[in-house]
Amino acid sequence: MQKIGVFVCWCGSNISATVDVKKVAEVLKAEPGVVVSENYQYMCSENGQALIRNAIKEHGLTGVVVCSCSPRMHEATFRKTCESAGINPYMVEIANIREQCSWIHKDIEEATEKAIILGRTAIAKLKLNAPLTAGESAVTKRALVIGGGIAGIQSALDIAEAGFEVDIVEQSPTIGGNMAKLDKTFPTLDCAACILTPKMVDCAQNDKIDIMTFSEIESVKGFVGNFKVEIRRKARFVNEKTCTGCGVCMQKCPAKKGLNEFNMGLNNRPAIYIPFAQAIPNVAIIDPEQCLKIKNGKCGLCSMNCQVNAIDYTMKDEIVEREYGAIVVATGYKPISLENFNEYGYDTYKDVVTSLEFERIMNAAGPTNGQLVRPSDGKHPHVITFIQCVGSRDTSGCGKPYCSKICCMYTAKHAMLLREKYPDTEVHVFYIDVRTPGKNYDEFFRRAVEQYDVDYIKGMVGKVYKEGDKLMVQGSDLINDEQVIIPSDMVVLAAAIEPNPSVRKIATMLTASIDTNNFLTEAHAKLRPVESPTAGIFLSGVCQGPKDIPETVSQASACAAKVIGLLAKDTLKCNACVAHSDEMICTGCSVCENVCPYGAITYVDKEFRLGGGKTEVRRVAQVNPAVCQGCGACTVTCPSGAMDLKGFSTKQIMAEVDAVCKR
Amino acid sequence: MEKSEQIKLIKERSGTDAKKCMKCGKCSGRCPAYADMDIKPHQFVSYIEKGEIDKLLNSKSLFTCLTCFACVERCPRGVAPAAIIEAVRQEVIRMQGENRVKAEEIPEIVDDKIPQQLLVSMFRKYNK
Amino acid sequence: MKFSYYPGCTLKTKAKELDIYGRKSLEALGVDFEEIKEWQCCGAVYPVAKDEVATKLSAVRTLAQAKEEDGKLLTLCSACHNVLKRVNEDMKSDDNMRLKANNYLALEEAYNGETDVIHYLELLRDYVGFDKLKEKVVKPLTGKKIGAYYGCLLLRPNSVLAFDNPENPSIIENFIKAIGATPVVYAMRNECCGAYVSVTHKEIAEKKSANVINSAKDAGAEMLVTACPLCMYNLTENGKGAMEVKYFTELLAEALGVKE
């Protein structure tokens, strides 16, 4: 017979305001097997934990039920408490009477009754608990960073700095991401390339960092400390090792109609190209859709002119398999497509551009060599109107419900740069709210208004249309209570940002959770902001939520610190609640092997004694406890009932169900 | 009828939730009848939420709104300003003696090219 | 499949061209249709207020009648289309409206929005196909620069009408191309003509119509096409004859060689 102690937490008023905690403790004291039942204001505090430790010693407890918050919050805390007092940590059960009870109910009587039932359920389960010991698994001391923008670059550099090997896998032909496309960066107006390209070079030169560009994640297997990842290195038709980046091929290539991705499609590039001057790796790539040789076999000029014979028109995709201890997701963002916002005329008028296109137009290395000219006719625009919140904060279904966070600041930046460089321009900005929290941010925005005479108009634009040579921007001026029409030469749309479209596929492979907007979910919004709930997966940059460069870099470094903390360990404690198969019942059907997402189940031929000296060889399932993550998929699919999960056995779960149903 | 009851009825009749408004003014930025309105589309949304119903009941805009639905189409928050205007308009014209156009006036004000569709819709908009 | 052809009141009187040429063209295109039995006025304007039920009933009767036929209700007039399609949506998704309307009408079988409301232009695009239409054109309107006038009723609210992109539509332009003419895209093609305020506030309708016409003229249009008798009235009468305006069916019949 077990000796059980019950400890009911008030969680200040979080639980006690809705649940009569004293009554819960009193009622549960009468449950068979319970020898002590206490309640306390904060059970997780040092005093609360001392209360549990003392009770364990005083009453010789064999198991503990804590009625408190979610086990995700403090199960580990209470397991440690009990372990320090001599009880096996798996003899602790948490009854969640906060998230699943006090927070969601209003009626004290009903909530109290439910809390008592949840307590009884935990007691019923605990009675069937057995002490468990967690095994250990080795940690592969290498990290994978998915995405080579500023987030991935910073995480990789920090991890490498600590002495660990790290691979960057980037889907486009160069690292650098969106930041490489920017002109200046707020709030200090230093040039993006000046601060980013040295970091890109550092990555390339660091012998701990391996960069795989134009590559995608093909599959992910394994678990924290032991991931096995297949990476597809897509054919770039140029040998990365021999190409010197001399650029002769680009000059010789006769097919020059490809849209220049780096310049947001504002100009063209040849079929063989280096994405931009500071690209890392500084190696050419062939666009097979444009290449005449690949399309119809006629040409080959680049190959003929290549001094180092780097061109290979027959190159095929290659799959590389690597092992990692930790994975960083840094997949970043892209501006949304504007097909739902035709009232702004983006699809109709060439001189209506997105902010990222405007960055390229203003950039000295951009399609206009940094000269401010209109895309339609190459003329210098005099009146430029900016529209903020294009697709952000939109719950109508056309855009995104969230604030994209970066647009207020970059629009202020654009407005300021324009007025600085071209004092002859008139700049208007339509805004709903100007959101500038951050060090020196609001001051920055105010400078645009006060020093640079940028006209901020509170209100939204309803329609952009052409009249003669002008783009008429019709919108509300809510402060002046009028409808204004501003004849403009150029219109710049601050399009909302959304997670990189590839993130869904990647998250699925990683079993990392994702929210309704396709942002990766953090393990805890406040306390574990750079970790995914899936162990060993870490979040860096905009893949987790909109953020600007300073915030991205901070998060990327925080993320690296977490990765380093993991890789510094030689072994990891495994989950003790693993599956095991009863070999006497197992029929060898392989169903469990097929559903196991971790590859933890293998089948072996095993000899069994049948009695009377006879033996029989049968095929049975075996679980590798170091690999099993205790998800339970095998136990529910096993047709014979041979699979069971330690700590969550079928018997325990049925005992819980009985306890819930019993009155 | 209590004022609060009247506001509640008008809100229900509009079928839209004015609380969702984020005060961006896009409705009024889009409105083609803006110049002919005393109270603007975004103000209908705001006033109904603040309970300032008397201003709305006396607004000239009730009869200059074209019900063209441009404001509804473009609202980023799924609010329907035109439906609030319609709900208030119904509140007015359903009152005794508040019909805007008398049938006997029709021969005088119409020309022979006016399509029935226009007459019927005008009557439905202005009369009960 | 037979389309139930819904003319509506105005097409029998002031907008005869819209009706007559519409029918002739359908025949020329080999579309099987028949005027819907015992049709009533659609109500002319969709009652936006949620507590309006009675004013929607005549539209429900028409919709229910079409359900008894082949379930495809074909509309020409933009206003009829707007009213019928929106009332149909109410019968599909508004429990209160569906209950009250069915209780009142006491039809043999309750009507729950089963009918498809299809505008003539949608029929040309989705059932006939503009490519097929182009093949049947015998007298292409080559060289004619025509502006499409959409107005409000075909496009909004897009969540119900789902007719075309509400801010950048293309269906009428594609129609114009199919009959051999040149479409002229102009900024005010989806703005209101002034609608019913024309009677009480003529000056507003004049302003709105002028706005549309000037925009079309500046863009180089020689003529406007519309599907709506009310738009036709405002653009011609309140537009003071500044621009030629025709119903799209008249141009269609001309191109198909069935306009005498």
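The values are calculated or read from the model by the stated rules, or taken from the named source; none is laboratory data. Computed from a predicted model, the values in this text were never measured in an experiment. All Cβ positions, glycine included, derive from the backbone under ideal geometry; neighbour counts span all protein chains shown. Note: accessible area is taken over every heavy atom of the protein model, side chains too, but ligands, DNA and RNA are not part of it. Shrake-Rupley method; radii C 1.70, N 1.55, O 1.52, S 1.80 Å.
With a 10 Å cut-off around each Cβ of A:338-345, the average count of Cβ atoms from other chains is 4. At a Cα cut-off below 30 Å, give the lysines reachable from residue A:298, other chains included and same-chain residues fewer than 8 away excluded. Filter leaves A:234, A:241, A:252, A:256, A:257, A:316. By the Cβ-Cβ criterion of under 4.7 Å, the unpaired cysteines of chain B are B:21, B:24, B:31, B:65, B:75. In this structure residue A:658 has an accessible area near 100 Å², from a 1.4 Å probe over the protein heavy atoms.
Between residue A:314 and residue C:162, what's the calculated FRET efficiency when r is the beta-carbon distance and R0 is 41 Å? Round to 0.05. Present the calculation step by step, with values, prior to reporting the outcome.
Working: r = 48 Å, r/R0 = 1.17.
Efficiency, rounded to the nearest 0.05: 0.30.
Packing, taken as the mean count of other beta carbons within 10 Å per residue, orders the peptides B:100-106, C:50-56 from highest to lowest as C:50-56, B:100-106.
For chain A, the fraction of 1.4 Å probe accessible surface lying on carbon and sulfur atoms is 51 percent.
Dividing the C-alpha radius of gyration of the stretch B:19-128 by 2.2 N^0.38 Å, with N its residue count, gives 1.15. Helix B:81-93 axis versus longest C-alpha principal axis of chain B: approximately 50°, rounded to the nearest ten. Remark: the protein assembly as shown carries a charge dipole of roughly 900 debye about the Cα centre, counting +1 on each Lys and Arg Cβ and -1 on each Asp and Glu Cβ.
Which number comes out as Rg/Rh for the stretch A:248-305 once both Rg and the Kirkwood Rh are worked out on C-alpha atoms? Don't jump to the answer; show the numbers that get you there.
Working: Rg = 11.0 Å, Rh = 11.5 Å.
Rg divided by Rh gives 0.96.
Taking 0.36 nm per residue of separation and subtracting the current Cα-Cα distance, fully stretching the chain between residue A:241 and residue A:3 would add 78.9 nm. Among the lysines of the stretch A:4-126, pairs at least eight places apart or on separate chains and with Cα atoms under 26 Å apart come to 19.
Here's how it looks for residue C:146: its modeled amide H is under 5 Å from those of C:182, C:184, C:222, which are all 5 or more places away or on a different chain.
For the stretch A:463-498, accessible area lost to neighbouring protein chains reaches 20 Å² or more, against the chain alone with a 1.4 Å probe, at A:463, A:465, A:474, A:476, A:478, A:481, A:483.
In terms of Cα atoms, the Rg and Dmax of chain A work out to 30.8, 103 Å. With all protein chains in place and ligands, DNA and RNA left out, the 1.4 Å accessible area ranks A:398, C:192 as A:398, C:192, largest first.
Here the calculated FRET efficiency for residue A:591 and residue A:80, from their Cβ-Cβ distance with R0 = 30 Å, stands at 0.20, rounded to the nearest 0.05. Rolling a 1.4 Å probe across all protein chains gives residue A:80 an accessible area of roughly 150 Å².
About the Cα centre of the stretch A:248-305, how large is the charge dipole given +1 on each Lys and Arg Cβ and -1 on each Asp and Glu Cβ? Please answer in debye to the nearest 20. Charge dipole, the stretch A:248-305, about its Cα centre: 260 debye, nearest 20. Computed log10 I(q)/I(0) for chain C at 0.14, 0.16 Å⁻¹: -0.94, -1.20, from the Debye equation with unit scatterers placed on every C-alpha and solvent omitted. Between residue B:6 and residue C:1, the FRET efficiency from the beta-carbon distance, with R0 = 56 Å, is close to 0.65. Relative to the dominant Cα principal axis of chain B, helix B:41-50 is inclined by about 60°.
Taking every residue in C:187-195 and counting other chain Cβ atoms within 10 Å of its Cβ, the average works out to 6.
Neighbouring Cβ atoms from other chains, within 10 Å of the Cβ of residues in C:79-91, number 1 on average. Roughly speaking, what is the centre-to-centre gap between the stretch A:590-652 and the stretch C:79-130 when only Cα atoms are used, to the nearest Å? A separation of 58 Å, based on Cα centres. As a ratio to 2.2 N^0.38 Å, the alpha-carbon radius of gyration computed for the stretch A:284-333 takes the value 1.71.
Taking the longest Cα principal axis of chain A as reference, the axis of helix A:407-421 is set at about 20 degrees. Overall shape: prolate for the stretch B:1-51, with the ratio a/c of the largest to smallest alpha carbon gyration tensor axis at 1.5 or above and a/b above b/c.
Between B and C, buried accessible area from a 1.4 angstrom probe totals roughly 3700 Å², ignoring ligands, DNA and RNA.
Normalising the Debye intensity of the stretch A:552-663 to I(0), with uniform scatterers on Cα atoms only, and taking log10 at q = 0.16 Å⁻¹ returns -0.83.
In this structure residue B:42 has an accessible area near 40 Å², from a 1.4 Å probe over the protein heavy atoms. When Rg and the Kirkwood radius Rh are both evaluated on Cα atoms of the stretch A:335-497, their ratio Rg/Rh stands at 0.93. Total buried accessible area between A and B, probe 1.4 Å, nearest 100: 1600 Å². The residues of the stretch A:248-305 expose, per residue, 50 Å² of accessible area to a 1.4 Å probe.
Tell me the Kirkwood hydrodynamic radius of the stretch C:3-121 in angstroms, computed as one over the mean inverse distance between distinct C-alpha pairs. Can you show the working numbers first?
Numbers: mean 1/r = 0.0694 Å⁻¹.
Radius from the Kirkwood sum: 14.4 Å.
To put it simply, the accessible area of chain C at a 1.4 Å probe is 47 percent carbon and sulfur. Working note: Cα atoms of the stretch C:136-256, range along each principal axis, descending, whole Å: 44, 35, 24.
Within the set A:228/A:646; C:14/C:144; B:23/C:85; A:350/A:463; A:221/A:547, which residue pairs have Cα atoms separated by over 24 Å? Pairs exceeding 24 Å: A:228/A:646; C:14/C:144; B:23/C:85; A:221/A:547. How much of the accessible area of chain B, probe 1.4 Å, is carbon plus sulfur, in whole percent? Percent of accessible area from carbon and sulfur atoms in chain B: 51. Per residue, the stretch C:58-181 exposes 39 Å² of solvent-accessible protein surface, assessed with a 1.4 angstrom probe and all protein chains in place. Amide H contacts for residue A:579 (H built 1.01 Å from N in the peptide plane; partners 5 or more residues away or on another chain; cut-off under 5 Å): A:630, A:646.
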